[in-house]
Amino acid sequence: MFRSSITKFAAVAFGAALLAQGASAQNQAHTPVKIIIGFPAGGALDNLARAMAEKLRTELGRTVIVDNKPGASTHIALMTVKRAPADGATILISPAPPFVTHPLTYDKLQFDPDKDLIPVAHLADTPLVATTSAASPYSSMREYLEWVKKNPKDTGIGMVSMGGVLHFGVLQLNQERGLSLMPVAYKGAPPMLTDEIGGVLPVGMDTVASASELEKAGKIKYLGVPGMERTKLLPNVPTFKEQGVPGFEQASSWYAAYVPTGTPAAVVSQLEKAMIHIVQDSAFAAKMAQGGMVTTGRPGAEVTSLIKSQREASRPIVEKSGYRATQ
């Protein structure tokens, strides 16, 4: 009798556990996946995130939404994901600086870029380009540097943020060529490009996406692209390196996805596989190319290696510059 009661109790307990697991799985399936980004709606990263969310709904069979949390150099978005449950339901899509240069330029960060988040996948490169007014007397970065020697007041180089790869590229160029080019921060690409067109700013540097329409309209012209190789989006525009302009070899801009540390390996693997499959689809890649992005689809382990290599390449330049960021 006693043994029979124990057996019945065990069976009930086992059944309750199965029901609880089933309910948990069902609840998870109905919990929306959030993609967090540190920029307002309407930009290149927002476009990528929303296109990714649409495709992930099919890949995961779950609701996927985009949550814009701009501010504090994208640290608000990053901290939101860091503090989220490690269940794969909260994903950060971020540019490189919080992981590459911010550890070098901030005296104190509220996060550890190497421990608090797990890279899931490298999603896209966002090619950069130097531009100037169509009326400028120079048509390449090499010609601009020659112009500066004769016109030392025209040293402004516009960019939309300080403490990133373009900023340190300018500082390194100054160090190697004995120049005094002045990085000028803008709150966005539109006012920077407006100053270029008006002849107020000699040169600006930002993404191809921000400049392409004005270049097509004949308002601005391309001077060159930073990085080690030409971009697929502008195959006829030479690199700075080809022009003999040093300092921008590591100046690449890209987006990757991350989840909180502690997320189960199986969940990370599922997201990695789904995201790589999405960005490598030819139709998706073509859509992103229209927005100035070149989709990639590389595993999370490669993101980790890329972060470390780019950070170490930037370290001596940052240290020599003495630059410190402030919130």
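The values are calculated or read from the model by the stated rules, or taken from the named source; none is laboratory data. Just so you know, these numbers come straight off a predicted model, no measurement behind them. We place every Cβ from the backbone using ideal geometry, glycine too, and count neighbours over all the protein chains shown. The protein model used for the area step is the full one, side chains on, heavy atoms only, and it has no ligands, DNA or RNA in it. Shrake-Rupley method; radii C 1.70, N 1.55, O 1.52, S 1.80 Å.
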- prompt: Identify, please: which residue in segment 39-74 is within 13 Å of the chain's Cα centre (by Cα) and open to solvent by less than 10 Å² (accessible area, probe 1.4 Å) and is, among those, farthest from Q280 (Cα to Cα)?
  reply: D46
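If we only count strands (runs of 3 or more DSSP E) wholly inside segment 196-310, which ones have 3 or more residues that are out of contact with any Cys (no Cβ under 9 Å at 6 or more places or on another chain) and surrounded by fewer than 19 Cβ atoms within 10 Å (Cβ to Cβ)?
Because the criterion is at least 3 residues that are out of contact with any Cys (no Cβ under 9 Å at 6 or more places or on another chain) and surrounded by fewer than 19 Cβ atoms within 10 Å (Cβ to Cβ), the strands (runs of 3 or more DSSP E) in segment 196-310 that meet it are 294-299.
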Options E229, E272; residue that is over 16 Å from T126 (Cα atoms) and of a type in the set (D, E, K, R): E272
- line: Taking segment 160-219 and keeping only residues that are among the basic types (K, R) and either in contact with a strand residue (DSSP E or B) (Cβ under 7 Å, 6 or more places away or on another chain) or within 26 Å of A72 (Cβ to Cβ) (or both), one is left with K187
A124 more than 24 Å from Q243 (Cα to Cα) and either open to solvent by less than 50 Å² (accessible area, probe 1.4 Å) or of a type outside the set (S, T, Y) (or both): yes
message: I'd like to check something: does segment 96-116 contain any residue that is within 27 Å of N47 (Cβ to Cβ), open to solvent by less than 20 Å² (accessible area, probe 1.4 Å), in contact with a helix residue (DSSP H, G or I) (Cβ under 9 Å, 6 or more places away or on another chain) and in a strand (DSSP E or B)?
response: no
query: Quick check, is Y258 of a type outside the set (K, R), modelled with pLDDT of 90 or more and closer than 11 Å to V129 by Cβ?
result: no
